[in-house]
Amino acid sequence: MNSAGFLTTLGTTCKRYGPGRLPRAERRDIGAGYALASAATGATLLFALISWSLYALGEPIGSDWEFLGTWTLIALPLVVPTSFISAVIVWRTLPSDTPYFGASAGVLAALGTYILALLALFAFSMIALVINGQYTEIPEALGFMSVIGFVALASTFWLTFPVGAISGIIHERVTLSGTKRT
């Protein structure tokens with residue numbers, strides 16, 4: 001099967017059985033949100049599987065892989081919606097004449113996912129601290145959130161950026177094979 005046939009099959013499958021059935025999936029930006037949220041789900045689950053596999057092997061490349069694998073799954077409910085929002089924002093704002101649009105937008109959406117997830121986590125923490133009257137803990141919470149963001153990015157970017165790029169490319173090609181880009 002050639003690449004055009006593969007993309008047609010993939011597009012048809014997504015529309016029939018996957019995220020293409022969801023509301024407004026035919027829109028380029030919303031469809032990108034669904035595509036990148038699906039990719040983020042897969043990347044998150046894959047990273048957890050890799051982490052636990054490395055833990056089972058005795059942590060041969062030196063990290064706390066059990067910890068990373070567990071927290072990866074805990075983060076999943078935050079990663080998926082922030083990935084959707086990030087992709088929609090990128091597809092709406094990135095100029096359509098950007099070179100390698102799909103790959104560029106996919107990587108930017110992946111990076112935006114880290115930023116939005118961290119901002120959401122920080123907002124939840126601030127609300128909890130304010131409700132409990134722990135105002136003096138705010139600077140410490142900000143520092144802790146920064147560490148979480150750095151660890152998340154440093155431990156997963158090697159997987160999430162390529163997955164974002166590939167997902168963006170596929171989404172754009174599937175979209176372009178069915179309609180013209182607006």
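The values are calculated or read from the model by the stated rules, or taken from the named source; none is laboratory data. Since we're looking at a predicted model, the values are computed, not measured. Cβ: placed from backbone, ideal geometry, glycine included. Neighbour counts: every protein chain shown. Each accessible area value is taken on the protein alone, full model and side chains, heavy atoms only, with ligands, DNA and RNA left out. Shrake-Rupley method; radii C 1.70, N 1.55, O 1.52, S 1.80 Å.
Every residue, every condition in (1) within 19 Å of Thr44 (Cβ to Cβ); (2) part of a helix (DSSP H, G or I); (3) modelled with pLDDT under 95, yes or no:
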{"site": "Trp71", "(1), (2), (3)": "yes, yes, yes"}
{"site": "Ile85", "(1), (2), (3)": "yes, yes, no"}
{"site": "Gly106", "(1), (2), (3)": "yes, yes, no"}
{"site": "Leu116", "(1), (2), (3)": "yes, yes, no"}
{"site": "Ala141", "(1), (2), (3)": "no, yes, yes"}
{"site": "Glu172", "(1), (2), (3)": "no, yes, yes"}
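If you check Ala103, Ala165, Ala117 for being in contact with a helix residue (DSSP H, G or I) (Cβ under 6 Å, 6 or more places away or on another chain) and under 19 Å from Trp71 (Cα atoms), only one passes: Ala117.
Residues that are more than 26 Å from the chain's Cα centre (by Cα) and of a type in the set (A, V, I, L, M) were ranked within segment 115-136; the one that is surrounded by the most Cβ atoms within 10 Å (Cβ to Cβ) is Leu129.
For the condition crowded, with 18+ Cβ neighbours inside 10 Å, closer than 24 Å to Ile166 by Cβ and within 12 Å of the chain's Cα centre (by Cα), what is the one hit in Ala48, Ala40?
Values: Ala48 fails: within 12 Å of the chain's Cα centre (by Cα).
Result: Ala40 is the single residue among Ala48, Ala40 that is crowded, with 18+ Cβ neighbours inside 10 Å, closer than 24 Å to Ile166 by Cβ and within 12 Å of the chain's Cα centre (by Cα).
From the list Ser63, Ser96, exactly one residue is closer than 22 Å to Tyr34 by Cβ, outside any helix (DSSP H, G or I) and over 15 Å from the mean Cα position of the chain (by Cα). Which is it?
Of the residues listed, the single one that is closer than 22 Å to Tyr34 by Cβ, outside any helix (DSSP H, G or I) and over 15 Å from the mean Cα position of the chain (by Cα) is Ser96.
Filtering Pro95, Pro81, Pro99 for residues that are open to solvent by 80 Å² or more (accessible area, probe 1.4 Å), more than 14 Å from His171 (Cα to Cα) and either free of Cβ contacts under 8 Å to residues at least 60 places away in the same chain or of a type in the set (Lys, Arg) (or both) leaves a single hit, Pro99.
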